[in-house]
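Below is one structure, written out as structure tokens, with a few remarks after it.
The values are calculated or read from the model by the stated rules, or taken from the named source; none is laboratory data. Quick caveat: nothing in here was measured; it's all calculated off a predicted structure. Methodologically, a virtual Cβ is constructed for each residue, glycine included, from the backbone with ideal geometry; neighbour enumeration extends over all protein chains shown.
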Amino acid sequence: MPSAISTDVLIVGAGVAGLWLNARLRRQGYSTVLVERASLGGEQTIKSQGIIHGGIKYALHGSLTGASEAIADMPRRWREALAGSGELNLDKVRLLSDAHYLWSPGGLLGNVTSFFASKAMRGRVDQVKGEQLPPALQDRAFKGKVYRLAELVIDVPSLLANLAELAGDSLLAGEHIEPLREADELVGLRIDGREIRAQRIVLSAGAGTEDLLKALGLSQPAMQRRPLHMVLAKGPNLKPLYAHCLGGGPKPRITVTTHPAADGQWVWYLGGDLAEADGVAREPAAQIAAAQKEVASLLPWVDQSQVRWATLRVDRAEPAQSGQVRPDNAFLAEQQRLLVGWPTKLALAPDFADHVLAKLERDGIRPAAQADLSDLPRPALGVPAWEQLLP
């Protein structure tokens, strides 16, 4: 294997942003090298709930926001990819639910109800009842309203496997990363002693981007972390549920997704307000107790006697914002050959790739290099948290 490699685009960080971008570039004829120090999608991506948001959760106060409008087209683009007819062929990805739901345990506030019935929501939200309800809510004791959102939930492990397949021989396991400069210009990176030169270098390593920037002697763009304390529940009596439960504020009280474990049981993955400020401050035992209390209050017919519980702390890495607010879109900054960014959430991976491709088009970057990428050490796939914490 040559000691030096030349490629069109060198990407560092193989979460969903790096993997999606890598696949888009390769489909357009670019040569790529995608570097990952640990496992593919093994940090923020594998810890996501798999929801392809269309923005409705950001409109719970009764009006559309910049955030909701920015990602409104994401479900369509993902659906086309899952069908094999989009910008990528992701027809090997398992679709867990073709809709996500919004449920109120005791009736919706009037202004929110009228908002969901408004022209702005037409085609994006439909009320469901009876047999149309998610299986976990089909109990005689259930009282409330449920709306079907034009969103979807995917199985993240199968997404990573599909994107890894599309990566071909471009994946490289590499831990030690140093800048490669000529005449004070960044021309590539040295990965575990191997020189890799590229027309453009993209940092998409999530929380790891901060340390990568420091290694390159850079302090911008700045990054913020917004922590979560998620809860996992696994048991033989759990039924599929993919829904936001409304509370009294602008955020979902809890957000539940359901995932298949290797032993055939279902795992509930609980986020929403439960996992945010107060949840972050709790110790694991207290957070589990809070989750058990919420489930008992909202879903009293669920038998918790055989349910096993665990918690998972997640740091959402994003571009720094005033007041640490949530960014509306994928973010990309540039400095000569270096492009640095965050998708901000799973659903926005296509948007992140759009930003990078637009920069390449603007700068006239065309496919040129044909690197010998044989025999590169490859990173393994990330393992879901429930297989590690609740085997």
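What the table shows:
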item	result
Boolean, residue 196 is surrounded by 16 or more Cβ atoms within 10 Å (Cβ to Cβ), touching a Gly at 6+ places or on another chain (Cβ under 6 Å) and assigned by TED's automatic domain parsing to the domain that holds residue 333	yes
Residue match in the range 32-39 (condition: outside the structural domain of residue 368 (by TED's automatic domain parsing), surrounded by fewer than 20 Cβ atoms within 10 Å (Cβ to Cβ), farther than 21 Å from residue 179 by Cα and modelled with pLDDT of 95 or more)	no
Check on residue 174, surrounded by 19 or more Cβ atoms within 10 Å (Cβ to Cβ), out of contact with any helix residue (DSSP H, G or I) (no Cβ under 6 Å at 6 or more places or on another chain), closer than 27 Å to residue 226 by Cβ and in the same structural domain as residue 346 (by TED's automatic domain parsing)	no
Flag if residue 340 is at pLDDT 95 or above, under 19 Å from the mean Cα position of the chain (by Cα) and of a type outside the set (Ser, Thr, Tyr)	yes
Candidates 251, 293 - the one that is on the phi < 0 side of the Ramachandran plot, among the basic types (Lys, Arg) and touching a residue at least 24 places away in the same chain (Cβ under 8 Å)	251
